[in-house]
Amino acid sequence: MKLKSLLLIVLAVILYQHGIAQNTFNPQKALLTTIQKNLADADAQYKRMAGLLAPDQFPKAFHPKEGKMETSNSSWWCSGFYPGTLLKLYEQTHDKALLTEANRKLAVLAKEQYNTHTHDLGFMMYCSFGNANRLNPKSEYKQILLNSAKSLSTRFSPITGSIRSWDSKPTDFLVIIDNMMNLELLFWANKETGDPNYYKIAVTHANNTIKNHYRPDYSSYHVVNYDPKTGAVKEKKTAQGYSNESAWARGQVWGLYGFTVMYRQTQDKRYLNQANNIAKFILKHPHLPQDKIPYWDFNAPNIPRALRDASSGAIMASALLELCRYTSKTDGQFYFNTAQTILQSLSSPRYKSAPGTNGGFLLQHSVGNFPAGTEIDVPLTYADYYFVEAMTRYKAFATK
Ligand code: GLY
């Protein structure tokens with residue numbers, strides 16, 4: 001009997017040390033109630049947004065002062081978020097009007113499956129058709145996703161060991177940290193077809209991202225420029241951040257989310273360690289505000305008066321609500337509590353749009369591209385998408 005107890009204790013210690021102790025998290029009743037209200041409000045907001053859009057247009061941002069909706073066609077990197085959010089909301093509210101609108105936009109978006117000029121096919125096609133296929137699997141959706149994965153794979157170079165992010169002059173090969181978010185589509189294609197090439201591309205890209213995008217403190221550069229002929233790194237710099245050496249907030253959270261997905265897909269501890277280290281960089285950063293909604297760049301010069309980026313907060317909350325399941329009890333609780341604080345902050349009037357305002361967007365105050373002077377302090381589709389995802393992930397803890 002004594003031996004049995006001893007063995008159980010040893011097993012528990014081993015499990016704990018390997019970060020696979022069963023974590024149990026207790027969602028707060030009050031926040032669950034707030035989330036139900038947020039989702040009901042979101043249903044009404046997105047129906048309002050649908051009424052403001054031309055049939056072939058996708059929402060990009062809303063400019064409250066001018067009362068003007070900014071839209072794009074289907075080739076913009078964000079075109080998948082609107083149908084994706086509609087589908088995630090439909091899953092929660094069962095409101096058929098949302099599904100009808102999602103289907104209308106999916107029909108417009110489908111042609112992007114053949115777009116080989118962007119690395120953003122993961123965002124565009126997996127957040128949209130990936131959700132459509134998850135909710136209602138269909139061969140038509142699968143084919144679109146497979147063609148999208150094929151198109152994305154054409155951008156991989158075995159010399160740089162990376163997927164090309166942005167088209168550029170032939171002597172450059174630009175890879176941005178955001179690209180980590182497009183790999184999930186490749187894992188899906190690997191499982192669907194059994195073709196190991198998709199898996200290899202995703203893993204090779206992720207390994208080179210660890211090697212070349214990350215600094216010793218686990219903050220990341222936004223852009224790495226490789227020599228396409230030799231694979232050597234030519235420069236490390238920013239495009240959307242404050243400076244080449246700064247930590248652009250969204251880049252940090254794309255990495256956090258991306259490496260959490262890498263661990264889910266491969267069970268390789270290297271990716272779990274990377275995600276944990278990125279989380280520590282973000283959560284222990286002296287410039288992370290108390291409400292846990294990051295400034296648009298952790299090194300923005302005018303902190304604490306710098307603009308916040310609600311999209312980074314939403315992406316971080318969603319990532320942490322997955323990562324907390326994989327890690328040690330102490331870290332997991334820290335991540336869960338932080339995600340909870342973010343959801344509380346985003347649900348407050350400071351960030352959540354009042355019903356009937358903001359062109360139907362759910363969240364205010366995101367920053368798209370500060371250096372370019374575009375989408376500054378506006379609602380953005382990806383802030384909404386990951387806010388809805390984070391809320392549904394939080395809700396899922398209540399049903400465990
Ligand atoms: N480049 C994608 C983003 O703004 O996060």
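The values are calculated or read from the model by the stated rules, or taken from the named source; none is laboratory data. These figures come from a predicted structure and were not determined experimentally. Positions of Cβ are backbone-derived with ideal geometry, glycine not excepted, and every protein chain shown enters the neighbour counts. Note: accessible area is taken over every heavy atom of the protein model, side chains too, but ligands, DNA and RNA are not part of it. Shrake-Rupley method; radii C 1.70, N 1.55, O 1.52, S 1.80 Å.
Listing for the model above:
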item	result
Solvent-accessible area, 1.4 Å probe, carbon plus sulfur percent, for the stretch 311-400	56 percent
Accessible solvent surface per residue of the stretch 83-179, calculated while the other protein chains remain in place, 1.4 angstrom probe, Å²	39 Å²
Gain in span if fully extended, residue 376 to residue 333, counting 0.36 nm per residue against the direct Cα distance	12.2 nm
Structure-based [θ]222 nm, the chain - -39500 (n - 2.57) summed over DSSP H runs of at least 4, per residue, nearest 500	-16500 deg cm²/dmol
Cα gyration tensor, the stretch 218-286 - rounded (a/c under 1.5), prolate or oblate	oblate
Accessible area (Å², per residue) of the stretch 265-319, counting only protein heavy atoms and a probe of 1.4 Å	37 Å²
Axial C-alpha extent at least 24 Å, average Kyte-Doolittle at least -0.5 - helices from the chain (DSSP)	29-51, 249-266, 329-346, 381-398
Relative packing of peptides 240-249, 195-204, 162-171 - highest average C-beta neighbours within 10 Å first	240-249, 195-204, 162-171
Approximate spin-label separation residue 398-residue 32, in nm, with each point projected 7 Å along Cα-to-Cβ	0.5 nm
Carbon/sulfur fraction of accessible area - the stretch 40-164, other protein chains in place, 1.4 Å, %	54 percent
Residues of type aspartates and glutamates that residue 68 reaches as a straight line, Cα spacing below 13 Å, ignoring anything fewer than 8 places off in the same chain	375
Peptides ranked, highest mean first, by Cβ atoms within 10 Å: ranges 324-335, 253-264	253-264, 324-335
Close Lys-Lys pairs in the stretch 136-225, where close means Cα under 14 Å and separation is 8 or more or interchain	5
Shape call, the stretch 288-362: gyration tensor on alpha carbons, a/c limit 1.5	oblate
Within the chain: Cβ-based charge dipole about Cα centre, in debye rounded to nearest 20 (Lys, Arg +1; Asp, Glu -1)	980 debye
Ordering of 52-65, 142-155 by burial proxy (mean other Cβ atoms within 10 Å per residue, highest first)	142-155, 52-65
Radius 15 Å from Cβ of residue 349, net charge of other residues (Lys, Arg +1; Asp, Glu -1)	+2
Close Lys-Lys pairs in the stretch 227-349, where close means Cα under 17 Å and separation is 8 or more or interchain	5
Over the stretch 281-323, equivalent-ellipsoid semi-axes from the Cα gyration tensor in Å	19, 11, 8
Cα-based equivalent ellipsoid of the stretch 123-248: semi-axis lengths in Å, sorted from largest, via gyration tensor	28, 16, 12
Cα gyration tensor category, rounded, prolate or oblate, for the chain with a/c compared to 1.5	rounded
Residue 173 long-range amide H proximity, modeled H, under 5 Å	226
